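The values are calculated or read from the model by the stated rules, or taken from the named source; none is laboratory data. Values in this document were obtained by computation on a predicted structure and should not be read as measured data. Please note that ligands, DNA and RNA were not included when accessible areas were found on the heavy atoms of the full protein model with its side chains. Shrake-Rupley method; radii C 1.70, N 1.55, O 1.52, S 1.80 Å.
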Amino acid sequence: MTGRTDGLAVGDIAPGRQAPAVLGALFVDLEGLRARYECLRPGCPHHLEGPAYSTDRDEQGEPIGVAGLKTFIDGIKSQHLTQYHRSTR
Ligand SMILES: [Zn+2]
């Protein structure tokens, strides 16, 4: 398989070929200060989380900033898996 980027190879799964172990992809744009998580599990009811931006507001109406973005990045995968797949793996 050529042109494959480890951990991010998606969309080139040939029929009959076993899906890669990676069933989700986290996209982080540090220049645009945004991030999103795309779930690739079959039957997922909620394929896309985010995008979250550093300018998003928290409950106090303050921009979440880079720290808030990092919190999203760190937590979104386990949160998504817990919420939609009842698993943290
Ligand atoms: Zn999912």
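The listed residues ARG36, ARG41, ARG57, ARG86, once ranked by accessible area (1.4 Å probe) with the largest placed first, stand as ARG86, ARG57, ARG36, ARG41.
Here LYS77 sits with roughly 110 square angstrom of accessible surface, probe radius 1.4 Å.
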